[in-house]
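Report on the structure given below.
The values are calculated or read from the model by the stated rules, or taken from the named source; none is laboratory data. All figures in this text were calculated on a predicted structure; none of them were measured in a lab. With ideal geometry, Cβ positions are generated from the backbone for all residues, glycine too; neighbour counts draw on all protein chains shown.
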Amino acid sequence: MTPSTASQQALTRTALNTPDPAKGTWRDWLALGLLMFPVLLVAVDNTALTFALPAIAGALGTSGVELLWIVDAYPLVLAGLLVAMGSLGDRIGRRRLLIIGSIGFAAVSAVTAFAPSAAWLIAGRAALGFFGAMLMPSTLSLIRNIFVDPNRRRLAIAIWAAGFSGGAALGPIFGGWLVEQFWWGAVLLVAVPIMLPLLAFGPAFIPESKDPTPGRVDAPSILLSLLTMVPVVYGIKEFATEGAGPLALGSLAFGLAMGAAFVRRQQRLKSPLLDMSLFRNRVFSMAITANVLALFSFNGFILFLAQHLQLLEGMSPSAAGMAMIPALVATVVAGLAVVPVVRKVRPGFVVGTGLAMSAAGYSMVTFGSHADGPALLLAALLVLALGVGTAETISNDLILGSVPAEKSGAASAISETGYEVGALLGTAVLGSILTASYQQNLQLPAGAVEAAAGQGTAHARETLAGALELAAGLPAPLADAVRHAAGSAFDSGVHVTAAIGLVLMATAAVLAAVVLRKVPKAQ
């Protein structure tokens with residue numbers, strides 16, 4: 001654009017009293033503010049429940065596997081339906097789908113908060129995943145269409161990403177306080193007031209957008225996506241806890257076969273549920289990978305840190321949550337601070353640096369000692385949070401910036417699928433490995449087994465919470481021995497999972513730096 005052309009356009013905007021799209025309007029930023037409510041809710045929900053797990057285990061008597069499914073049921077269903085819901089939003093309207101999802105999410109949260117059993121809670125979490133799948137793709141695709149200028153869009157995405165990652169860090173703080181002040185169900189019930197501002201003002205201030213020439217929704221593709229996600233994650237969990245048995249290998253093989261069928265179907269359809277051509281763009285694919293691994297590392301870390309602080313350090317849920325405030329601040333600050341950085345530094349280096357910082361956080365846990373209090377783990381979380389905040393903002397901008405506007409719904413859905421798959425795998429893979437390592441390394445004192453007369457020993461061998469519950473009913477010397485054995489077994493599992501996280505993050509950092517090295521600086 002020449003200077004004279006720009007001047008003419010500015011004069012035209014003045015004459016017509018229309019806003020400069022590069023600056024946006026107050027309604028645009030108000031719409032962004034309203035969109036942050038479902039973003040914060042979904043992010044908080046992903047991690048807040050983790051801090052409620054000890055209370056849930058005590059109230060409902062859940063097993064170790066049930067605890068993992070209580071966490072995993074939500075992101076599993078959500079990840080399986082994100083692409084389908086993103087496509088549906090393109091067809092019926094992204095704002096409309098967002099409002100429908102918000103109403104459903106609030107209603108199901110209210111019912112699930114009073115779940116009388118683990119099975120009820122798992123079913124409720126799955127239902128929340130269904131409505132949650134309507135929320136996140138809608139928010140990101142609406143942002144893409146509200147902010148047309150790349151620089152304003154990058155700032156809006158930074159705020160969106162800071163809300164998501166900051167909400168994930170806020171979840172334990174908020175969840176811990178709610179559990180301590182009320183009961184574990186309050187973590188779910190809080191969704192109702194959080195959704196009220198969006199439901200009250202969203203229809204008036206958030207502009208509707210949709211695909212002007214949408215294709216039909218392909219039901220077999222939706223089914224195939226679910227048949228891919230559920231067996232694969234179940235197979236991973238089974239493999240980590242039970243080994244390479246027929247059930248684990250069979251589930252993985254079935255899920256991968258359904259995934260291959262899904263890809264072939266998308267390639268044949270005139271209006272595919274998921275446009276596979278997007279993945280031919282190396283920038284798009286690498287940015288998605290960075291998202292997956294960033295959330296993988298963060299959620300996996302939160303899983304074992306929450307248990308360590310409450311069960312081994314003896315912190316209350318709210319105190320453990322407050323200990324994570326520095327990480328919350330670091331995540332938000334890092335996400336916003338990198339916006340101007342990419343004008344001077346290539347995005348690939350910024351994303352690679354963020355992932356390398358996540359690797360550094362895991363290295364502190366892998367090679368450090370956990371016997372001297374929680375300081376090392378909290379410092380490692382701070383470093384990890386800085387890395388996640390840095391990588392997420394730029395990777396999301398690369399995802400949306402590398403596709404045309406009409407593909408924003410599909411790109412947003414894929415981006416959100418990456419978020420949820422990362423969160424899901426972080427919990428499922430690292431959580432399952434942590435559980436398996438704990439069970440293999442736990443050596444209960446013989447006297448404890450005899451004194452308990454077998455009562456509670458099975459639960460103690462499954463989870464750290466079960467072991468500490470067993471210790472509470474034993475005489476002092478035996479109780480101390482049980483606590484020490486359980487703590488040592490748990491920490492050995494933390495070292496193993498941290499080493500896996502270190503290798504994954506370091507590999508991802510190198511890949512991002514290499515694959516994204518030619519992406520130019522932002523203008």
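Quick test for you: out of Pro193, Pro197, Pro231, pick the one residue that is touching a Gly at 6+ places or on another chain (Cβ under 9 Å), in the same structural domain as Leu98 (by TED's automatic domain parsing), modelled with pLDDT of 80 or more and assigned to a helix (DSSP H, G or I).
Pro197
Just to be sure I understand, how many residues within the stretch 333-349 are part of a helix (DSSP H, G or I), buried (at least 22 other Cβ atoms within 10 Å of the Cβ) and aliphatic (A, V, I, L, M)?
2
Picking from Leu81, Leu40, Leu76, which residue would you name as being at pLDDT 80 or above, buried (at least 24 other Cβ atoms within 10 Å of the Cβ) and closer than 30 Å to Phe304 by Cα?
Leu81
Of these, Leu140, Leu121, Leu97, which one is within 22 Å of Ala411 (Cβ to Cβ), assigned by TED's automatic domain parsing to the domain that holds Thr417 and modelled with pLDDT of 80 or more?
Checking each option against the conditions leaves just Leu97.
From Leu400, Leu444, Leu377, grab the single residue that is surrounded by 18 or more Cβ atoms within 10 Å (Cβ to Cβ), touching a residue at least 12 places away in the same chain (Cβ under 8 Å) and under 22 Å from Val148 (Cα atoms).
One residue alone meets the criteria, Leu400.
Considering only the stretch 98-151, state which residues are basic (Lys, Arg) and more than 17 Å from Leu34 (Cα to Cα).
Answer for the stretch 98-151, where residues must be basic (Lys, Arg) and more than 17 Å from Leu34 (Cα to Cα): just Arg125.
Out of all the residues in the stretch 278-292, is one or more part of a loop (DSSP other than H, G, I, E, B) and in contact (Cβ under 8 Å) with a residue 24 or more places away in the chain?
yes
Among the listed residues Gly104, Gly58, Gly33, which satisfies the condition of being under 29 Å from Thr228 (Cβ atoms), part of a helix (DSSP H, G or I) and at pLDDT 80 or above?
Gly104
With the requirement that a residue be surrounded by fewer than 24 Cβ atoms within 10 Å (Cβ to Cβ), out of contact with any Lys or Arg (no Cβ under 6 Å at 6 or more places or on another chain) and not in a helix (DSSP H, G or I), what does the stretch 127-148 give you?
Passing the criteria: only Val148.
How many residues does the stretch 489-503 contain that are surrounded by fewer than 20 Cβ atoms within 10 Å (Cβ to Cβ), under 17 Å from Leu295 (Cα atoms) and touching a residue at least 40 places away in the same chain (Cβ under 8 Å)?
Selection size over the stretch 489-503: 2.
Tally the residues that are surrounded by 24 or more Cβ atoms within 10 Å (Cβ to Cβ) and of a type in the set (Ser, Thr, Tyr), restricting the search to the stretch 287-332.
Here the count works out to 2.
Quick test of your reading of the structure: Trp177 fulfils all but one of (1) buried (at least 24 other Cβ atoms within 10 Å of the Cβ); (2) assigned to a helix (DSSP H, G or I). Name the failing condition by number.
(1)
So if I check each of Leu142, Leu199, which one is touching a residue at least 60 places away in the same chain (Cβ under 8 Å) and within 26 Å of Ser395 (Cα to Cα)?
Leu142
Go through the stretch 243-286 and count every residue that is over 19 Å from Ala84 (Cα atoms), buried (at least 17 other Cβ atoms within 10 Å of the Cβ) and not assigned by TED's automatic domain parsing to the domain that holds Gln440.
Qualifying residue count, the stretch 243-286: 4.
Going through Ser209, Ser225, Ser221 one at a time, which residue ends up being in a helix (DSSP H, G or I), surrounded by fewer than 23 Cβ atoms within 10 Å (Cβ to Cβ) and among the polar types (S, T, N, Q)?
Ser221
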